[in-house]
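This report concerns only the one structure given below.
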Amino acid sequence: MEKIYFIGINGIGMSGLAKILKLKGKEVFGSDISRSYVTEELEALGVKVHDRQIAENIKEIDTVVISTAIKEMNPELQEAKRLGIKVMKRGELLAFLMNAEKGIAVAGTHGKTTTSSMLSSVLLDKDPTVIVGGIVPEISSNAKIGKGELFIVEADESDNSFLHLYPEISIVTNIESDHLEHHGNLDNIIKSFEKFLNQTKSERLLCVDCPTIRRLIRDKKNIKTYSLIDEKADIYAKEIRIDDGKTKFTIVIDGEIFGEFELSIPGNHNVQNALPVVYLGKRFGISRERIADRLKNFKGAKRRYDILFDRNIRIIDDYAHHPTEIKATLQGAKSIEKNRIITIFQPHRYSRVNFLLNEFKDSFKDSDEVVLLPIYSAGEQNIFGVTLEELKERINHPKIKILNELEKLESIVNLEEKGVTYIFMGAGNISNVAHRIAEKLKGEI
């Protein structure tokens, strides 16, 4: 594997792998149908990125890497198969790299990007290799090649690609219904997580605040539990409180107080995310003071409560798109925001909206107003016939409205108004609008 071509290289998971291989001295190429800041980062490393996906791009290549987003009839994939070039899935390549090292894999329906990013920050002094699903501010990237023995990865359950991984240590933040277009039902998701945990070589860190995870624990062999509510857990947070916009809490490990910690990112869910991170920091010899300092200064992964503008009004960009993520993010916002909160939500995928329609009911209760944008298809066809009007009807909120044209979004943000926090929420292209509005406010455009 010396000349590798990534089809859809701008994807957050694909680009991380491309960066690592380039830094390992491989020749790396790729394509994507649109440019982004990721394209610029890759090109700065010397990666050739094509802006058209055509058969002619596939030449003098020994390996082609694809994600599940790449369709069978993609012309580059078709050409690779015609030429007999080895084709690997993204998850297979990640496993190929990690399984040879001392891997720490972070999995879960929600929270895995923040947890893996936070862990990467706390363990920076160990010089780990990192491949995660978000931009970690401390390394200004989603990937880092290190000289230490640790290899931190975000494990993706959406298409079961995490079943290629055999980590030394695994973290599972929670298990819920999602990506049902692939899994079919929650029972199948649980079976996949069981297999993933059985493939963990050493220690498994499990959040027992999740009832589904509690069902998986049959014995305590090689398991450390963590919790915000169960004082019998191996790692436990108590005395959680908000002080001047910061979340402060005390951590107990194996029955002994380890110390008080502070987070700048809001929400009890982020305290939960910090628990296995603190434990592993301690396990790998990071001082309590160093762990506390790293957590205090951790600003969150890109697009996780990402504050783009903060003067008379606040503009926040957030990736939340699953009902549980939305609820947790807004709970955190409510705990620290003094402003009125207006959530501008772009639903993600027809399949997710269809399968989880009823679960959106109370997700927005901590927002003062809600604006629904058209569903971002992510390449899906609406075979379910689900509509935005149906979603609006299911959401229990007194101030909710639909805005059918994304282009008109800027008109509803009152740039002169004070005391309002606008949270642009979703996994689609709503982030672009949030950034454009923030740039306009800063006078950059």
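Structure data summary
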{"quantity": "Within the stretch 86-106, tally of residues that are assigned to a loop (DSSP other than H, G, I, E, B) and either within 17 Å of LYS19 (Cβ to Cβ) or free of Cβ contacts under 8 Å to residues at least 40 places away in the same chain (or both)", "calculated": "2"}
{"quantity": "Residue that is most open to solvent (accessible area, probe 1.4 Å) [pool: residues in the stretch 210-235 that are in contact (Cβ under 8 Å) with a residue 24 or more places away in the chain and in a strand (DSSP E or B)]", "calculated": "LYS224"}
{"quantity": "Test result for LYS86, among the basic types (Lys, Arg), touching a Ser or Thr at 6+ places or on another chain (Cβ under 8 Å) and farther than 30 Å from LEU280 by Cβ", "calculated": "yes"}
{"quantity": "Complete set of residues in the stretch 116-152 that are more than 19 Å from ASN99 (Cα to Cα) and open to solvent by 10 Å² or more (accessible area, probe 1.4 Å)", "calculated": "LEU124, ASP125, ILE135, PRO137, GLU138, ILE139, SER140, SER141"}
{"quantity": "Residues being within 22 Å of GLY16 (Cβ to Cβ), out of contact with any Gly (no Cβ under 6 Å at 6 or more places or on another chain) and either part of a strand (DSSP E or B) or open to solvent by less than 90 Å² (accessible area, probe 1.4 Å) (or both) - total across the stretch 45-57", "calculated": "7"}
{"quantity": "Every pair of residues 6+ apart whose Cβ atoms lie under 7 Å, when the first sits in the stretch 166-192 and is among the β-branched types (Val, Ile, Thr) while the second is assigned to a strand (DSSP E or B) and open to solvent by 10 Å² or more (accessible area, probe 1.4 Å)", "calculated": "ILE169/GLU203"}
{"quantity": "The stretch 326-383, subset of a type in the set (Lys, Arg) and not in a helix (DSSP H, G or I), residue least open to solvent (accessible area, probe 1.4 Å)", "calculated": "ARG349"}
{"quantity": "Boolean, HIS179 is within 18 Å of GLY91 (Cβ to Cβ), in contact with a Lys or Arg (Cβ under 9 Å, 6 or more places away or on another chain) and open to solvent by 50 Å² or more (accessible area, probe 1.4 Å)", "calculated": "no"}
{"quantity": "So GLU40, is it of a type in the set (D, E, K, R), free of Cβ contacts under 8 Å to residues at least 12 places away in the same chain and assigned to a helix (DSSP H, G or I)", "calculated": "yes"}
{"quantity": "Residues being at pLDDT below 85 and not basic (Lys, Arg) - total across the stretch 384-418", "calculated": "12"}
{"quantity": "The stretch 63-115: number of residues that are aliphatic (A, V, I, L, M), open to solvent by 10 Å² or more (accessible area, probe 1.4 Å) and out of contact with any strand residue (DSSP E or B) (no Cβ under 7 Å at 6 or more places or on another chain)", "calculated": "5"}
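The values are calculated or read from the model by the stated rules, or taken from the named source; none is laboratory data. Worth saying up front: this structure is predicted, and the values here are computed from it rather than measured. Here the Cβ is made from the backbone with ideal geometry for all residues, glycine too, and neighbour counts use every protein chain on show. Note: accessible area is taken over every heavy atom of the protein model, side chains too, but ligands, DNA and RNA are not part of it. Shrake-Rupley method; radii C 1.70, N 1.55, O 1.52, S 1.80 Å.
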